[in-house]
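Following: one structure in structure tokens, then a few remarks.
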Amino acid sequence: MTEIKDLELELGRFRARLFAAAAFVLVAFGLLTTRLVYLQVVRHDELATQAENNRIAIVPIVPNRGLIVDRNGVVLATNYSAYTLEITPSRIGDVDLDELIDQLGRYVEIQPRDRRRFKRQMEESKGFDSLPIRTKLSDEEVARFIAQRFRFPGVDVKARLFRQYPLGEVGSHLLGYIGRINQAEKKAMSDWPEEQQDNYRGTEYIGKLGLEQSYEQELHGTTGFEEVETSANGRAVRRLDSHPPTPGNKLVLSIDIKLQALVEQMFGDRRGALVAIDPRNGEILAFVSKPTFDPNLFVDGIDVESWKELNESIDRPLLNRALRGTYPPGSTYKPFMAINALQSGKRSASLVIQDNASWTFGNHTFRSHGDIALGPVDMHRAIVKSSNVYFYSLANDMGVDLIHDMMAPFGFGQRTGIDLEGEVTGVLPSTEWKRKTYKRPEQQRWYAGETISLGIGQGYNNFTMLQMANAMATLASGGQRYTPHLVREVEDVITRERRQVAAKPREPLPLKPENVAVVMRALQGVVQEGTGAGAFAGAPYTSGGKTGTAQAVTIRSNEKYNAAKLEEHKRDHALYTALAPMEAPRVALAVIVENAGFGAASAAPIARRVIDYLLLGQYPSEEDLAALRGGRSGPPIGTPRRAADVPLPGQTPAAVDAAASAASAAATLAAAPPAPAPSAPPRRDPAPVPALAPPAGAASDVQKVARR
């Protein structure tokens, strides 16, 4: 039976489907048109900007770091440009990193230490950071890699500025060094103001220690930027616009680097520290800590072997002994005990004490060195001959808290405020200090017998050489106090204008001139007839000083000190403090030679040469230097040289005449922008020139004896 279709019904269904399809198409096109209008009209400006940003990269230009020069313009820290081979781990794809480095090694020499340094930096960085696998590439290495660059995605040659310390180890503790920014530092920088963070975009190195750290903001400069058109693979095609960076400012130090180098030479292989200050303004003339280290080792990232050698050495070359090493002051403390006794009225200068080589308190006897009795001594003779008995008695009369309150204004046990980070306070003991320091009640109590050894600079007393020199400068100026500082001026690298950075003079101590005169005469007597006379024999100027010998280990009351029976690191420290000339002091200093014995024999000769240099312009003879390094010197031997004629370490005599032109060239480099990454082999730049734990306080049953 044949079915008859309803044509009208079929036609209606067809038309319905047709209209539905047409409506769908119209709606779809309507949506597309609406979206097109929204993107092309409503969001046109926003999307056009995004497209332009995808085509244009904003690249930060890191500024040249500021120079550091000494008071005479000698360049101590500068920059030079070189090329590095760098890997961005996030852009190398699925390639095995070790295999990639092996392949790179076919074209560029890569040592095992380069690999270790790279992997250590990877651990401290994020995957998108560009990390150097090799620095200071040669012309040939750059050319070989550029020819094969297409084979290595994520690897490129970049121009970098490297910090250079031309004198190597000289002044390393005051200069410090720069290093790559680590994760902890990046986290700390995230709390900086946004403007300051923007100024560090692209910066990979900052000051880590010394002046490089303290004056980071002055030395860094202002970051510039350039707009670069990039290709699809992210490579720069052309530069569209550029805003050059502003180089960092130049630091002009108060340090005389030739004097600094001389003092470091005189120490030889011995450990110790010296700080010399101009008492008229607080400028630091020399700031020495021995042994030193080469800061150039840290610029690229120090290798494991060098770090282990420095960090595990028994001599602790990384410790800044002038800033962070604390020592008992020994007999160099006695002049300050005397001035404070006069100021407080606890002792008159004419009072005579009988020195029978010992002083008994309760059932304990405190001895003098060598058990030598000095007989009747007044204040002048007690300082000149370094009478322990006189100052045992004085400490007992004053008491620990009065000693503390009178010594603190001189800067003992206080931070001086020097323009270096990391200064320690040392220990100026008091009853309150002991209560806060110890936990058990019997330890917190102050025993009267503990006061006695404070008078001769022993016991709990522990100070830095910076504090000792600063106190000596305050005494030399009659009580006027200054904040010690290493930076004399900051010079704007663009305008060449210089500004002073020293703090204003501090409130002076109310020292009576007649009391100061008593102590100053005694200090001069030490040099003329006392324990300092040997080292200063024949000096054509007047000076004052005080020798000191401080124990590194304790000696019990029934024992006698014998250096020959002690290990070298347990022998006494040698100290000397000095000022000169007496009529108008221009230098005050403190020096310690660790474990070297008597201050008169080991420390005073170094002080003598420093003062000869500053007042007479004299430099020791080679014969004299050899004797000083061996600890065998007294007054100068041989014919002193004119300081201006002596080159710095590593320099030839011709280099002395070229120093001024070198400083000018370095300043020109600091004002120039860094070179772009190479597309052809660059001209190679020269490589850089390489160049305490505090003693424990004495227990109440232990006697510490200060020696002359």
Some residue of the range 577-587 being more than 28 Å from the chain's Cα centre (by Cα), assigned to a loop (DSSP other than H, G, I, E, B) and under 22 Å from H369 (Cα atoms): no
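Go through the residues of the range 460-468 one by one and say whether even a single one is assigned to a helix (DSSP H, G or I), under 26 Å from the mean Cα position of the chain (by Cα), at negative phi and not hydrophobic (A, V, I, L, M, F, W, C).
Checking the range 460-468: at least one residue is assigned to a helix (DSSP H, G or I), under 26 Å from the mean Cα position of the chain (by Cα), at negative phi and not hydrophobic (A, V, I, L, M, F, W, C).
For the range 221-313, list the strands (runs of 3 or more DSSP E) that sit wholly inside it and hold at least 1 residues that are surrounded by fewer than 17 Cβ atoms within 10 Å (Cβ to Cβ) and of a type in the set (S, T, Y); which are they? Write out each step before concluding.
Details: elements: 224-230, 236-243, 250-253, 272-277, 284-290.
Qualifying strands (runs of 3 or more DSSP E): 224-230, 236-243.
Every residue in the range 461-492 that is over 30 Å from A584 (Cβ atoms) and surrounded by 20 or more Cβ atoms within 10 Å (Cβ to Cβ), please.
Keep residues of the range 461-492 that are over 30 Å from A584 (Cβ atoms), which gives 461-462, 492.
Listed by number, the residues that qualify are N461, N462.
Hand me the list of helices (runs of 4 or more DSSP H) wholly inside the range 106-218 holding 3 or more residues that are surrounded by 17 or more Cβ atoms within 10 Å (Cβ to Cβ) and among the hydrophobic types (A, V, I, L, M, F, W, C). Break it down stepwise before answering.
Values: elements: 112-124, 139-147, 172-175, 183-189, 194-199, 210-214.
Per the criteria, 139-147.
Restricting the search to the range 317-360, which residues are of a type in the set (A, V, I, L, M) and not in a loop (DSSP other than H, G, I, E, B)? Walk me through it before giving the result.
Just the residues of the range 317-360 that are of a type in the set (A, V, I, L, M), to begin with: 318-319, 322-323, 337-339, 341-342, 349, 351-353, 357.
Within the range 317-360, A322, L323, M337, A338, I339, A341, L342, I353 qualify.
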Name the residue that is surrounded by the fewest Cβ atoms within 10 Å (Cβ to Cβ), counting only residues in the range 362-406 that are modelled with pLDDT under 95, part of a loop (DSSP other than H, G, I, E, B) and on the phi > 0 side of the Ramachandran plot. G362
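So is T416 closer than 25 Å to A590 by Cα, under 33 Å from the mean Cα position of the chain (by Cα) and in a loop (DSSP other than H, G, I, E, B) or not? Walk me through how you get there before you give the answer.
Numbers: closer than 25 Å to A590 by Cα: yes; under 33 Å from the mean Cα position of the chain (by Cα): yes; in a loop (DSSP other than H, G, I, E, B): yes.
Considered against the rule, which asks whether it is closer than 25 Å to A590 by Cα, under 33 Å from the mean Cα position of the chain (by Cα) and in a loop (DSSP other than H, G, I, E, B), T416 comes out as yes.
Working only within the range 509-535, note down all residues that are assigned to a loop (DSSP other than H, G, I, E, B) and modelled with pLDDT under 95.
Residues of the range 509-535 that are assigned to a loop (DSSP other than H, G, I, E, B), as a first pass: 509-512, 530-535.
Matches in the range 509-535: G530, T531, G532, A533, G534, A535.
The values are calculated or read from the model by the stated rules, or taken from the named source; none is laboratory data. Here the structure is a predicted model, which means the values were calculated and not measured. All Cβ positions, glycine included, derive from the backbone under ideal geometry; neighbour counts span all protein chains shown.
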